[in-house]
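The values are calculated or read from the model by the stated rules, or taken from the named source; none is laboratory data. Given the structure is predicted, the values throughout are model-derived calculations rather than measurements. When we count neighbours, we look across all protein chains shown, and the Cβ atoms used for this are built from the backbone with ideal geometry, even at glycine. For accessibility, only protein heavy atoms count, side chains too; no ligands or nucleic acids. Shrake-Rupley method; radii C 1.70, N 1.55, O 1.52, S 1.80 Å.
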Amino acid sequence: MDYTERLASARRAAPRDDFLSTYLVAADQAGEMSPLEILIQLLFVIVAGMIRPVALSPSRRFSCSSTESSGKQCVASPVWVPGAVAEALRFEPSVASVSRFALEDIELDGYVLNAGQFMTLSTMAAMRDEKVFEAPDTFDIFRTDRQRWHLVFGGGAHRCLGEALARTELEEGLAALTARIPPLQLSGEPPEIRGHVSVRRVGAMRVHWSIAELA
């Protein structure tokens, strides 16, 4: 919050040609939010845009290795990068679950979720639903059954505020990495991904490449 407040103050004092300056002007002029609410919105954008790029580092395992067909396609043409990122988000989602309250009684498989009941909904299970995805346990950047609105970012009024920022960071980062170090490969075991609630944790990942291959 201290960082966000200093950043907002600096932009108000010296606006730039960027999102933050434009947002602050619009928010101040609208007068619909308090100064604290404006700061919290900015904080959510920063955090939401950071969580998935950090937690999605395992996508390199699937998308950057020159030994895998998906990785070769990413190296051959950046047009496949968005598909690789979307599939990585589906195959090993960075957010394992979302929490909601039932607004009314809901009948489900012979049970009743009472109004006001707290629920934790599994993103991981939804992303491997065989009724939605063909061969859900297969990593495939060329999927034709990909959903228009990626579920890993939530839905409705509470859809992730940092979705656009997270997608941009992931796609640009992957495109730059595959262009600059195309022979990048995993060294040893893939990273361990842990957690079934909220943001998942990712273990260490080692990679290697040959200077001769870069030449």
Residue 199 long-range amide H proximity, modeled H, under 5 Å: 96
Solvent exposure of the chain as accessible area per residue, Å², 1.4 Å probe: 61
Portion, in percent, of the accessible area of the stretch 1-40 that falls on carbon or sulfur, probe 1.4 Å: 57
Max mean-square fluctuation residue, GNM over the chain, Cα-Cα springs under 10 Å, options 138, 123, 168: 138
Axial C-alpha extent at least 27 Å, average Kyte-Doolittle at least 1.0 - helices from the chain (DSSP): 35-55
In Å, descending, principal axis extents of the Cα set of the stretch 75-177: 52, 30, 18
Table column - 3J(HN,Hα) (Hz), the stretch 185-190, Karplus curve with 6.51, -1.76, 1.60, x for Gly and Pro: 9, 5, 10, x, 6, x
Sites residue 18 and residue 144, calculated FRET efficiency, Cβ-Cβ separation with R0 30 Å, nearest 0.05: 0.25
R0 of 45 Å, Cβ-Cβ distance residue 211-residue 135: FRET efficiency to nearest 0.05: 0.75
Residue 6 versus residue 189: modelled label distance in nm, points set 7 Å from Cα along the beta carbon direction: 4.0
Shape call, the chain: gyration tensor on alpha carbons, a/c limit 1.5: oblate
